[in-house]
Every structure is written in structure tokens, then in C-alpha cells.
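Engineer: Okay, here's the structure, questions in a sec.
Every number in this text was worked out from the coordinates using simple rules, so none of it is lab data. This is a predicted model, so every value here is computed, not measured. Here the Cβ positions follow ideal geometry from the backbone for every residue, glycine too, while neighbour counts run over all protein chains shown.
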Amino acid sequence: MRPSGRNLSEMRPISIETGVMRHAEGSCLIKVGGTHVLCSASIEEKAPPFLRGTGQGWVTAEYGMLPRATNTRNRREAASGKQGGRTVEIQRLIGRALRAGVDKRALGERQIVVDCDVIQADGGTRCASITGGWVALRLAVNKLIAAGLVTSDPLIDHVAAVSCGIYAGQPVVDLDYAEDSEAGTDGNFVMTGNGQLIEVQMSAEGATFSRDQMAQLLDLAEAGVAQLVAAQKAAI
């Protein structure tokens, strides 16, 4: 039995509220159970230096967690003068994931920065950030299309992510913190709307896992991402 009482293949409740920030070109508040992430997308009408003159654009991401997003207060990273290794790793993952669904040439020589700020954490913050970040990106790109600034849609497909793992010997989807902290195997699956894999992060936290278990987790991830994509479509 899972601590939450959910079935092995049952996702937490998902909600995505759009237009939550007045000034951002695209924004949403995504809630996956007790994990809440504020996502915004900002359009910059210039490409980063390494792409200038190429006709291609770029999508990048920044990630942060508010001090009381967890049970105890975390010190603001700005106070220490640098980002922690976990923060850097997660925001690079978000950027890679979102770029996998973008035609950079169709975007043109501009950059879109997706900011993901965790206001409440209960497991799966990077997955919620990717899923919500795509919605914010989609809304920002819609404004480019409406203004006639791009001639074709730069977004190739939906991008969403879900965590899966082995908890108490059973494969489960969408781990909350109670499960994540005790899971023998923990993984994050990033996929497109049509089921193509973008990135898989898997590790044996307390016990090794078999090829068959890996396949079971992939099946759970496919079904979970399908639900997240349906929520994205409903939101936009």
C-alpha cells in the first residue's frame, strides 16, 4: 500500500492554471498533488552570443525553490552567492527537455527563458517544472505567432515528465516525498506527446533493479505522461 493510498499506477491530482503572471509572455501555476510550481516564459528578442547570425533561437531555463517550500527553511541560494549543484543540474535538465520539443530555426534569432519556482515541494519538482514549463513556453510562442513574428510554429510536440520508482518492492508512478525518500529505485522520465523518450534518469537508491522492472516503470511513465499531456491540452 502506498502512503497516500493511491493505486500503483495512479497519478496525483493534476491542475494547471494559466495566465497567473501579468507581465510574463506565458505563465502557469502547476499543481501535482502537494508539489506546486510557478512557471513563466519570457521572450528576449536576441539570441545568445553563440547563436547570433545562425538564424536559430534558443530556449533555456532557470529553477529555484522558495525557502519554505519544504518542511524546514532552506537558505536562499542568493545569500550564499552561488547556486547549488542540485539547482544547476535540474535547470539544465529542464532546458534540455524543453529544447527537444522546439524547432530552433523556426523560432528565429531570439531566446525564451523559462523560470520555474517551486513554492511547495512534495516530490517530483523537476518533473512538474518541465510539464508546467512547457505550458508557459506554449503560451509565449502563441503570442509570437499571433503577432506574426514567426512564420511557422516552433513547437514540434508537447513535452512532459513524470517520476517512477520501486517503492516497497512495487513499481509506482508519480512518487510523492514519502515514497521518494524511501524508494529502492528512483527515476524521472521525460517524453514527448507522441510517446518519444527525451531523457531518462534512473538510479538504484537502495536496491538494484531488473530489466523487467525497468520495462514496468517505462509503461507506467508512458501512461502518466499521457495524463499530463491531456492536462496541458486542457490548460491551453
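Engineer: Report, in degrees rounded to the nearest 10, the 0 to 90 angle that the Cα long axis of helix 211-235 makes with the longest principal axis of the chain.
Structural biologist: Approximately 50 degrees, to the nearest 10.
Engineer: Working from the alpha-carbon coordinates of the stretch 1-64, get Rg over Rh, Rh being the Kirkwood radius.
Structural biologist: Rg/Rh for the stretch 1-64 comes to 1.19.
Engineer: May I ask you to sort Phe50, Phe209 by Cβ crowding, counting other Cβ atoms within 10 Å and putting the fewest first?
Structural biologist: Phe50, Phe209
Engineer: Above 18 Å lies some portion of the pair distances; for the stretch 1-128, what is it as a whole percent of all C-alpha pairs?
Structural biologist: 61 percent
Engineer: Could you please rank Cys28, Cys39, placing first whichever residue has the fewest other Cβ atoms within 10 Å of its Cβ?
Structural biologist: Cys28, Cys39
Engineer: In Å and on Cα atoms, what radius of gyration and Dmax does the stretch 153-236 show?
Structural biologist: Computed over the Cα atoms of the stretch 153-236, radius of gyration and Dmax are 13.4, 44 Å.
Engineer: Considering the Cα trace of the stretch 14-235, what is its radius of gyration and what is Dmax, both in angstroms?
Structural biologist: 17.5, 54
Engineer: At a Cα cut-off below 21 Å, give the lysines reachable from Lys46, other chains included and same-chain residues fewer than 8 away excluded.
Structural biologist: Lys104, Lys143
Engineer: May I pose another question? Take the Cα pairs of the stretch 77-209, get the Kirkwood Rh, then feed it into Stokes-Einstein at 4 °C and 1.567 mPa s and tell me D in µm²/s.
Structural biologist: 80 µm²/s
Engineer: Okay, moving on. Within the chain, what is the longest stretch that has no trypsin sites (Lys or Arg not before Pro) placed in a DSSP loop and near at most 13 other beta-carbon atoms within 10 Å?
Structural biologist: Looking at the chain, 83-236 is the longest stretch - no exposed trypsin sites (Lys or Arg not before Pro) with at most 13 other Cβ atoms within 10 Å.
Engineer: If one takes the longest principal axis of the Cα atoms in the chain, at what angle in degrees, from 0 to 90 and to the nearest 10, does the Cα axis of helix 125-146 lie?
Structural biologist: Helix 125-146 and the main axis of the chain meet at about 20 degrees.
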